[in-house]
Amino acid sequence: MRRHAAILLCLTGAPVVLAAQWSVGFDVALSRFTSASVDTTTGGSGSSFHPHAPAIGGVHVEWRLGRAGVGVGVRYTGAGVVGENSDVAVEQKGVLTLVELAPEASLRIARTPSGTEFRVSAGPVLDVWSENGGGSRTRAGAQAALSVEWPIVERLAGSVRAAAALTGSVFDASELPAGVARRAMWRQSVALGVQYRL
């Protein structure tokens, strides 16, 4: 009886699995980090420090069924550290590397007759920052995004994605000058990518 029930479950579930769509994608994001630290002695108007990584490369895999989807992305970049105040900014290049793991859920909110889709997505992020001289630190957070996807050829699509992520500060308290405190770190990004539907 159990064997018959298992076979029936497989047969009834097969159309759902076949209707689902897998895809793999690649993108490059232009990004900006802010608010990793603040000078508490001047009410936030003095010196601050934050990473600088203009371009972040990523690869992601996604599974979609109808309007909904789930996936995971991995992103990588090298980064410098910027110290700035109201008058000047100085960057020390090649200080850090970032590897990010980002699972997310997405939902299609609109679709045009030509096949262009508008989607929203959100999920947690796990950032592993490595110092080029040795040592690493891990920061957790969350992100949300809005994306537009359009068909190029039968299985290939292009996309533009605007996202915002919030994590803990990349810095440890002992690394900052006196009077400069850690703050939650924002990252805003705009990514251009391609997706191949399997």
Could you please let me know if Gly168 is among the small types (Gly, Ala, Ser), within 23 Å of Gly83 (Cβ to Cβ), in contact with a strand residue (DSSP E or B) (Cβ under 8 Å, 6 or more places away or on another chain) and without any contact (Cβ under 8 Å) to a residue 40 or more places away in the chain? yes
Inspect all residues belonging to the range 127-148 and state whether any of them is among the β-branched types (Val, Ile, Thr), under 18 Å from the mean Cα position of the chain (by Cα) and within 18 Å of Trp186 (Cα to Cα). yes
Evaluate the following for Ala53: is it more than 20 Å from Pro103 (Cα to Cα), surrounded by 15 or more Cβ atoms within 10 Å (Cβ to Cβ), among the small types (Gly, Ala, Ser) and under 14 Å from the mean Cα position of the chain (by Cα)? yes
Matching option when the condition is surrounded by 14 or more Cβ atoms within 10 Å (Cβ to Cβ), basic (Lys, Arg) and modelled with pLDDT of 95 or more, among Arg161, Arg183: Arg161
Please determine, by comparing only the residues of the range 164-180 that are in contact with a helix residue (DSSP H, G or I) (Cβ under 9 Å, 6 or more places away or on another chain) and assigned to a loop (DSSP other than H, G, I, E, B), which one is surrounded by the most Cβ atoms within 10 Å (Cβ to Cβ). Gly179
Kindly state which strands (runs of 3 or more DSSP E) lie completely within the range 27-118 and contain at least 2 residues that are among the hydrophobic types (A, V, I, L, M, F, W, C) and under 23 Å from Ala144 (Cβ atoms). 55-65, 68-84, 89-111
Among Glu100, Glu104, Glu117, the single one that is more than 30 Å from Phe171 (Cβ to Cβ), out of contact with any Phe, Trp or Tyr (no Cβ under 7 Å at 6 or more places or on another chain) and touching a residue at least 24 places away in the same chain (Cβ under 8 Å) is Glu117
Gly134 is checked against (1) outside any strand (DSSP E or B); (2) of a type in the set (Gly, Ala, Ser); (3) closer than 23 Å to Asp39 by Cα and fails just one. What number does that condition carry? (3)
Hey, can you tell me all the residues within the range 116-138 that are modelled with pLDDT under 95 and of a type outside the set (S, T, N, Q)? Glu131, Gly133, Gly134, Gly135, Arg137
All-but-one check, Gly133 against (1) on the phi > 0 side of the Ramachandran plot; (2) free of Cβ contacts under 8 Å to residues at least 60 places away in the same chain; (3) not β-branched (Val, Ile, Thr), failing number (1)
Consider Val95 against the criteria (1) closer than 18 Å to Asp27 by Cβ; (2) surrounded by 15 or more Cβ atoms within 10 Å (Cβ to Cβ); (3) more than 20 Å from the chain's Cα centre (by Cα): it satisfies all of them except one. Which criterion is unmet? (1)
Looking at Val153, Val160, can you tell me which residue is among the aliphatic types (A, V, I, L, M) and assigned to a strand (DSSP E or B)? Val160
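The values are calculated or read from the model by the stated rules, or taken from the named source; none is laboratory data. If you're wondering where the values come from, they're calculated on a predicted model, not measured in any experiment. No Cβ is skipped: glycine too gets one built from the backbone with ideal geometry, and neighbour counts run over all protein chains shown.
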